[in-house]
Amino acid sequence: MTLHQASAASAAVAAAAAAAAASAAANAAATVGTAAAVKKLGGFDFYRQVLHSPKLVVAPMVDQSEYAWRLLSRRYDAQLCYTPMFHAKNFADSKKYRDEVFSTGTDDHPLVVQFCANDPQILLAAAKLVEDRCDAVDINLGCPQGIAKRGHYGSFLQDEWDLVASMVRILHENLSVPVTCKIRVFPDPERTLQYAKMLQDAGCQLLTVHGRTREQKAQMTGLADWTQIKMVKEALSIPVFANGNILYREDVDRCLAETGVDGVMVAEANLYNPAVFTGKHYPAHIVAQQYLDICQSVPGSADAFQAKAHLFKMFHAIFPLHEDLRQRLVASNNFETLEGIVADVRSRYEADPATSALAEFDVSTAAVSEAGIKTIPTWLLQPYVRPLLKAESKDNEQSSKAEQQDQPADAATDASQVASTDDQSKMSKTQRKRLEKRKAVATPTPGSPNASRSATAPAADSDKQAVAAADGTKRGQKRPKRELCGGCSNVCSVKCAFKMCKGCCRTHARTNAESIGMTEGAEGQPFVCEVHKTSLTPKPRRDHSETAPAVDGQVAVGAAMHCEAST
């Protein structure tokens, strides 16, 4: 081969290598692009290919759906888990906060991380820190608690649609994973529908709808409205999860059938029975021990205080019969004492003759109350049923209001302040003590200080009403400016006959009384003020000849002396 031929061959090899490199680079770019496209799937593609079409979902629960609990829930058929709600600002600003609240692993997928926020930029900064460790980022738009109101997030952003849309949009446009949202319904179904459509238009790829309003919480929780959830599902083109009204596995199936949603998110039912998705009710100590084993075998998955909170819920049906166990759990602060409590529950379970049949317990054969609550043996995991307030029809409410209007004012007040026996059973110890104090004031024993005070209360109230009437004001309205005293610069008393303050009125009355030799408060005299006469001390009559006639200067001098004394 000649030198020229060798050079030509070398150039051909180099050209081929360059072409191969270019082709490889193109293929790599295509592969990266495909991977990015797969990772950023949205809507039902995201639901099916990334989340794997989950029907059974563990809800985001503050300080409760931590890593260890998610691992336990996945053992019992949970198909998708959410982290607890994290505060976006704290998460973005503090590494210590991030390390304390968030941990995960390869066995914790699919996973959605939830944030609460009210600033799009801060929310994005927090979300960027987790986008490589989760499958989606969720915005909490449904928290109804007082802390959410004070912090201005959750359901208290429901009326700020522009802000909410901007938060969804900034995540949708800047994250490598989809953005999802969790909301509560409005009292007006049409407004709920418009809100959901707005979120979808802003870039939300999956929407969870809690079927309760912002006001439905604590004792006013009530039932979730599945009809609104169904309406949202039928109107949107993205996956929709339902949340609310789940106690047992059959409730999950019924919700899927009645609403047509793509999945059911469960919160409290999962906390009290982490095996709720299996339809089983295992002995509480067995599942509790499994949870503690996860906590201690997976570093950073949970701390002792989180574990303690979970044991309170799993053992809630046991504690009424074993109060000593509750007291021990209250005082516990480490895994060693928690292990001891679980071991004690196990020993008492095994010593109970009634537990021999629990291994064969079939929840489908359990007795069911009129409210749909199943009777489950004490030692087994079971849902907590929050006592509901008695539902009254509108007619009953109207008739009750009419009856209260017919009652005397004090009777209506007592009825509004004193709770019923049923309500008292739902109160905390502190609330019951406060109620007893109010009752003691409302119905004092004869001869007690409260008795005399309550006897004079109606008169005092009527006096206040009279003063308000004289001012032309009503309770809750701002009182208009009063006139100044005619004898000094103080404000005059409202009902004073001379439009003076108390001191000037006394001086005026006494001066005039002395000038004509009359005692203060003499009936029928023009100088007597009905408001201030009670503060005067009656004086004996004087001889008219010893008293000089009253002059206008005396009133001014007396008023001036009063003002100097008062300052």
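General remarks:
- Subtracting the Cα-Cα distance of SER364 and LYS96 from 0.36 nm times their residue separation leaves 91.8 nm of extension gain.
- For the stretch 268-344, convex hull of alpha carbons as volume per residue, Å³: 92 Å³
- Solvent-accessible surface (1.4 Å probe) assigned to ARG346 amounts to roughly 90 Å².
- Applying the Kirkwood pairwise sum to the alpha-carbon positions of the stretch 67-131 produces a hydrodynamic radius of 12.5 angstrom.
- Using the 1.4 Å probe convention, the accessible area of the stretch 278-380 works out to 51 Å² per residue with neighbouring protein chains retained.
- Between SER356 and ASN174, the distance separating the two model label sites (each 7 Å from Cα on the Cα→Cβ line) works out to 6.7 nm.
- Take the stretch 189-269 with all the other protein chains still there, run a 1.4 Å probe, and you get 36 Å² of accessible area per residue.
- Solvent-accessible surface (1.4 angstrom probe) belonging to ILE286, in square angstrom, nearest 10: 80 Å²
- Under 16 Å from the THR337 label point (7 Å along Cα→beta-carbon), backbone N, the stretch 294-321: 303-312
- Residue pairs, from the table LYS128/LYS182; LYS55/LYS230; LYS149/LYS197; LYS55/LYS96, whose Cα atoms sit over 26 Å apart: LYS55/LYS96
- Distance cut-off 23 Å, percentage of C-alpha pairs in the stretch 173-260 lying past it: 24 percent
- Averaging 1/r over every pair of different alpha carbons in the stretch 314-357 and inverting the result gives a Kirkwood radius of 11.1 Å.
- The stretch 102-207 - Rg (one decimal) and Dmax (whole number), Cα, Å: 13.6, 43
- Approximating the spin labels as points 7 Å out from Cα along Cα→Cβ, the GLN219-to-ILE373 distance works out to 1.6 nm.
- The heavy atoms of CYS81 offer some 0 square angstrom of accessible surface to a 1.4 angstrom probe.
- Global size of the stretch 141-191 as Cα Rg and Dmax, reported in angstrom: 12.1, 35
- The modelled label-to-label distance between THR278 and ASP324, using points 7 Å beyond Cα along the C-beta direction, is 3.1 nm.
- Carbon + sulfur, % of accessible area of the stretch 134-173 - ligands and nucleic acids excluded, 1.4 Å: 49 percent
The values are calculated or read from the model by the stated rules, or taken from the named source; none is laboratory data. All values reported here derive from a predicted model rather than from experimental measurement. When we count neighbours, we look across all protein chains shown, and the Cβ atoms used for this are built from the backbone with ideal geometry, even at glycine. Each accessible area value is taken on the protein alone, full model and side chains, heavy atoms only, with ligands, DNA and RNA left out. Shrake-Rupley method; radii C 1.70, N 1.55, O 1.52, S 1.80 Å.
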